[in-house]
1. Check region 104-111 and report whether any residue there is more than 15 Å from ILE37 (Cβ to Cβ) and part of a strand (DSSP E or B).
2. In the set ILE95, ILE141, which member is farther than 22 Å from SER22 by Cα and of a type in the set (Val, Ile, Thr)?
3. Report yes if SER170 is touching a strand residue (DSSP E or B) at 6+ places or on another chain (Cβ under 8 Å), under 14 Å from SER33 (Cβ atoms) and among the polar types (S, T, N, Q), otherwise no.
4. Given the options GLU76, GLU112, GLU72, name the one that is under 26 Å from VAL127 (Cβ atoms), charged (D, E, K, R) and at pLDDT below 95.
5. With respect to SER19, determine if the residue is at pLDDT 90 or above, among the hydroxyl-bearing types (Ser, Thr, Tyr) and in contact with a Phe, Trp or Tyr (Cβ under 6 Å, 6 or more places away or on another chain).
6. Given the criterion farther than 11 Å from LEU90 by Cβ and in contact (Cβ under 8 Å) with a residue 24 or more places away in the chain, identify the matching residue among LEU61, LEU40, LEU50.
7. Of the residues that sit in region 124-178 and are charged (D, E, K, R) and not in a strand (DSSP E or B), which one is surrounded by the most Cβ atoms within 10 Å (Cβ to Cβ)?
Amino acid sequence: MDISTFVELSHGEWRSMRSGHSLAFQYFEEVLSEVKIQCLDIDDEAVSKLANSVKILEGELTAPFSMEWEAESDWEPDDPTAVSAGHCILIPYQIDHSHGQIIRSVGYAEAEQAITDYSISSDGTLVLRTVYGQSIAEERIWFASDNVRCRSSVLKTSEGSGILQTSFASEVRKISTV
């Protein structure tokens, strides 16, 4: 599998259930999300703008996509009914069949633009590693079937010596019956 195939398989609307353990706050969190992944054209204006915002990366720009989400968490101290939402554009640069980098308009662990190193293992698992200013995020995403994805993440300190948070999510594709 290459990154283009992985992105194509991910296209669609997903219902996600994530369990997270914050070791820093000693808290367990349950998050329910609606996630929409859309493939974008390489010529899309937002793709061009993001691609031009960073120095030229090694590899070939391929399979850009956008991701939108709305999430409800049981850990919203100020407002338990609060819904968090967001949107980001992701642009993979494929170096070879199973390795490359992804420009993210908004990162996973910190709300800043980021560059993620990726690899795809022989079993089709996408492995992501992003170094931010205050942390390092390591994620794994794999397909249990055509319509079920799993995702795990570990958030470490910026030195990589301590674990701040872990999570696991199962994501089920919404299938239209019309």
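The values are calculated or read from the model by the stated rules, or taken from the named source; none is laboratory data. It should be emphasised that the depicted structure is a prediction, and the values quoted were computed from it without experimental measurement. A quick note on method: Cβ atoms are made from the backbone with ideal geometry, for glycine too, and the neighbour counts reach across all protein chains shown.
1. Start the filter on region 104-111 by keeping residues that are more than 15 Å from ILE37 (Cβ to Cβ), which leaves 107, 109-111.
Next, from what is left, pick out any that are part of a strand (DSSP E or B): none.
No, that holds for no residue.
2. The conditions single out ILE95.
3. Details: touching a strand residue (DSSP E or B) at 6+ places or on another chain (Cβ under 8 Å): yes; under 14 Å from SER33 (Cβ atoms): yes; among the polar types (S, T, N, Q): yes.
Yes.
4. On the way: GLU76 fails: under 26 Å from VAL127 (Cβ atoms); GLU72 fails: under 26 Å from VAL127 (Cβ atoms).
Of the residues listed, the single one that is under 26 Å from VAL127 (Cβ atoms), charged (D, E, K, R) and at pLDDT below 95 is GLU112.
5. Working: at pLDDT 90 or above: yes; among the hydroxyl-bearing types (Ser, Thr, Tyr): yes; in contact with a Phe, Trp or Tyr (Cβ under 6 Å, 6 or more places away or on another chain): yes.
Answer is yes for this residue.
6. LEU61
7. At the first step, the residues of region 124-178 found to be charged (D, E, K, R) are 129, 138-140, 146, 149, 151, 156, 159, 171, 173-174.
Those still in the list that are not in a strand (DSSP E or B) too: 146, 159, 174.
Values: ASP146: 9, GLU159: 8, LYS174: 12.
Checking each candidate, the answer is LYS174.
Quick grid of which residues meet (1) under 22 Å from THR130 (Cα atoms); (2) out of contact with any helix residue (DSSP H, G or I) (no Cβ under 9 Å at 6 or more places or on another chain); (3) not hydroxyl-bearing (Ser, Thr, Tyr):
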residue: LEU9; (1), (2), (3): no, yes, yes
residue: LEU57; (1), (2), (3): yes, no, yes
residue: GLU60; (1), (2), (3): yes, yes, yes
residue: SER73; (1), (2), (3): no, yes, no
residue: CYS88; (1), (2), (3): yes, yes, yes
